[in-house]
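The values are calculated or read from the model by the stated rules, or taken from the named source; none is laboratory data. For clarity, every value in this text was computed on a predicted model and none was experimentally measured. Here the Cβ positions follow ideal geometry from the backbone for every residue, glycine too, while neighbour counts run over all protein chains shown.
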Amino acid sequence: MIIFMGPAGAGKSVQGNLLAKELGYIWVSTGDYLRSHLTEERKKQMSAGNLISDTEIIDIMSKCFEETQTQNGIIVDGFPRTIDQAKWLVQQHKKGNIRIKAVIEMEVSEDVAKDRLLGRGRDDDKEEVIKKRRIDYEKITRPIINWFNEQNITVYTIDADGTIDEVHQDISKKIGE
Ligand code: AMP
């Protein structure tokens with residue numbers, strides 16, 4: 001399993017898909033999964049940029065990991081997003097239920113991310129919501145990276161401001177090392 005982390009607009013889905021194709025892995029996006037499985041009411045909560053609860057997402061992801069248990073690896077985009085989600089995931093790794101091969105941390109400047117997101121125009125890609133998601137990322141999700149390091153999980157940090165091709169080459173090189 002390879003985990004993609006980074007703020008909205010870093011290009012996690014684009015790069016995750018490219019790498020999945022290259023390695024023959026399955027690509028799993030928690031955001032996409034939730035958008036296609038949740039009720040309208042819950043989707044409104046998501047559109048406002050609010051995270052759904054740890055218990056609910058962990059429940060969903062454990063089913064998802066069971067379903068995608070194949071010989072191929074998986075690329076996960078959008079999970080974990082909180083320390084408690086990360087603790088659960090590393091516990092699964094230590095128990096041998098999953099194997100975390102590496103974490104790709106994508107760093108993107110706020111301006112580049114904003115341009116990409118406004119160009120995409122999803123429901124939660126409005127300036128106010130973009131700001132909130134970035135603040136939440138810095139506060140809630142980024143600290144997971146240090147914690148992964150302490151747990152001896154391999155983390156590669158990538159400059160994600162470049163073109164799709166440049167960033168892909170960089171990721172591909174790091175993973176191949
Ligand atoms: P994304 O497509 O990854 O930007 O996710 C869109 C929305 O899905 C987020 O703003 C959250 O509401 C929800 N979501 C996705 N992944 C998670 C997660 N790991 N924990 C909680 N909420 C999540």
Task: Check on Lys44, away from the ligand (no atom under 13 Å from the Cβ), without any contact (Cβ under 8 Å) to a residue 12 or more places away in the chain and loosely packed, with under 15 Cβ neighbours inside 10 Å - done: no
TODO: Tell me, yes or no, whether the stretch 52-62 has at least one residue that is hydroxyl-bearing (Ser, Thr, Tyr), surrounded by 16 or more Cβ atoms within 10 Å (Cβ to Cβ) and more than 11 Å from the ligand (Cβ to nearest atom).
DONE: no
Task: Answer residue from the stretch 75-106, given it is assigned to a strand (DSSP E or B) and either out of contact with any Ser or Thr (no Cβ under 6 Å at 6 or more places or on another chain) or modelled with pLDDT under 95 (or both) and is nearest to Phe148 (Cα to Cα) among those - done: Val103
Task: Counted residues, the stretch 152-167 - those being surrounded by 15 or more Cβ atoms within 10 Å (Cβ to Cβ), touching a residue at least 40 places away in the same chain (Cβ under 8 Å) and not hydroxyl-bearing (Ser, Thr, Tyr) - done: 6
Task: Filter result for Glu66 (of a type outside the set (S, T, N, Q), out of contact with any Cys (no Cβ under 7 Å at 6 or more places or on another chain) and more than 13 Å from the ligand (Cβ to nearest atom)) - done: yes
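Could you list, in sequence order, the residues of the stretch 1-46 that are among the hydrophobic types (A, V, I, L, M, F, W, C) and assigned to a loop (DSSP other than H, G, I, E, B)?
Across the stretch 1-46, the qualifying residues are Met1, Ala8, Ala10, Leu38.
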